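Okay, so here's the structure we're looking at.
The values are calculated or read from the model by the stated rules, or taken from the named source; none is laboratory data. The structure displayed is predicted, hence computed values, not measured ones. All Cβ positions, glycine included, derive from the backbone under ideal geometry; neighbour counts span all protein chains shown.
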Amino acid sequence: MHVVTLLKAEMFDVEIDGRPASIAQALPNWNPHDRFGLVIDDALGGIGATHLLQIAITSFYDVKPSRRTELTVYPEIYAFHIGKGYGAHAPYDFWPAWREVITSRDHREVLDAINDRGITRLAVPDRQPREVVHRPKEVDAALDRIASAFVYSPSGRVVDPDLIISGNDKRTEYNPNSALRPRYTDSRPASDSTAAKPVKEVDPSYQEWLRKREHDLTGDQRAFVEGRREALRKDGLVTESYRRVGVHEALMRLASAGLG
């Protein structure tokens, strides 16, 4: 749970519709029960939504400061891999491992998984909208509960964005670097972890999960994603772009995830 001390809201600059904005405007009315869901259908694709994910993490802790100090709480974030695993995203603190859900390519099962986890903020990859039929009432359940939806690109940049999130501190690139080059050992003793609490990096099951997902990607795929991220960096910092969309549109794009 390194993100407790790694990430702070002031590390990010936000623009909405070309104007300076705040995290609170990007994630309006965030509350202690919000849960962020990230749909992934490309090799380490979630790296393209790094900053959106990270401002959700800071919001999770800032809305209830005791989560940073008194409690041992991982952020309520969930990754949904469509059809297969696309590389471990656990370095972002999708942990325990069941926070990374591997579904079939059946759009009904994907939405079922999202609803089962009570996701309230949803990011989907930029795929073509597709009209489909879900199981009875599942769309209504999602429309009733999901407060914000976003389209992102695995590349980190979408066409015609209305939300721009930039890192202004090089620590904002720690998590994508860790996902690109997983750390299989951690030299820190547990007593040096956040608030003297054990961290996942010294948990053998964490190392097992990283190794289990290691072969989701080929070496060429990993090198491509690493080069793509590096191309976005300017002085070690990255600016990402997104589109805010209605929940119904997000579900239509979700239906095409994993098909291309």
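For the stretch 160-177, which residues satisfy the criterion of being in contact (Cβ under 8 Å) with a residue 12 or more places away in the chain and of a type outside the set (D, E, K, R)?
161, 163, 164, 165, 166, 167, 168, 172, 174, 175, 176
Which of the residues that make up the stretch 80-103 are β-branched (Val, Ile, Thr) and surrounded by fewer than 23 Cβ atoms within 10 Å (Cβ to Cβ)?
Across the stretch 80-103, the qualifying residues are 101, 102, 103.
Got at least one residue in the stretch 106-120 being surrounded by 21 or more Cβ atoms within 10 Å (Cβ to Cβ), in contact with a Pro (Cβ under 6 Å, 6 or more places away or on another chain) and not aromatic (Phe, Trp, Tyr)?
no
For residue 51, which of the numbered conditions (1) part of a loop (DSSP other than H, G, I, E, B); (2) touching a residue at least 40 places away in the same chain (Cβ under 8 Å) fails to hold?
With respect to (1) part of a loop (DSSP other than H, G, I, E, B); (2) touching a residue at least 40 places away in the same chain (Cβ under 8 Å), residue 51 is out only on (1).
With respect to residue 146, is the statement that it is at pLDDT 95 or above, touching a Leu at 6+ places or on another chain (Cβ under 6 Å), of a type in the set (A, V, I, L, M) and farther than 17 Å from residue 42 by Cα true?
yes
Residue check, residue 93 against (1) among the acidic types (Asp, Glu); (2) touching a residue at least 40 places away in the same chain (Cβ under 8 Å); (3) at negative phi, all met but one. Which one?
(3)
For the stretch 58-94, how many residues meet the condition of being modelled with pLDDT of 95 or more, among the hydrophobic types (A, V, I, L, M, F, W, C) and out of contact with any Pro (no Cβ under 8 Å at 6 or more places or on another chain)?
Total satisfying the criteria: 6.
Return the residues of the stretch 179-204 that are among the small types (Gly, Ala, Ser) and modelled with pLDDT under 95; say none if nothing qualifies.
187, 190, 191, 193, 195, 196
So which of 87, 83 ends up being more than 14 Å from the chain's Cα centre (by Cα), on the phi > 0 side of the Ramachandran plot and not charged (D, E, K, R)?
So the residue among 87, 83 that is more than 14 Å from the chain's Cα centre (by Cα), on the phi > 0 side of the Ramachandran plot and not charged (D, E, K, R) is 83.
Being under 24 Å from residue 25 (Cα atoms) and either among the charged types (D, E, K, R) or at pLDDT 95 or above (or both) is the requirement here; does residue 225 meet it?
No.
Of all the residues that make up the stretch 234-255, how many are over 19 Å from the mean Cα position of the chain (by Cα) and farther than 25 Å from residue 109 by Cβ?
3
Restricting to the stretch 114-153, name every residue that is among the charged types (D, E, K, R), in a helix (DSSP H, G or I) and in contact with a helix residue (DSSP H, G or I) (Cβ under 6 Å, 6 or more places away or on another chain).
Residue satisfying the conditions is 138 alone.
Going by the conditions given, is residue 77 surrounded by 17 or more Cβ atoms within 10 Å (Cβ to Cβ), in contact (Cβ under 8 Å) with a residue 24 or more places away in the chain, of a type in the set (A, V, I, L, M) and out of contact with any helix residue (DSSP H, G or I) (no Cβ under 7 Å at 6 or more places or on another chain)?
Judged against the criteria, residue 77 is not a match.
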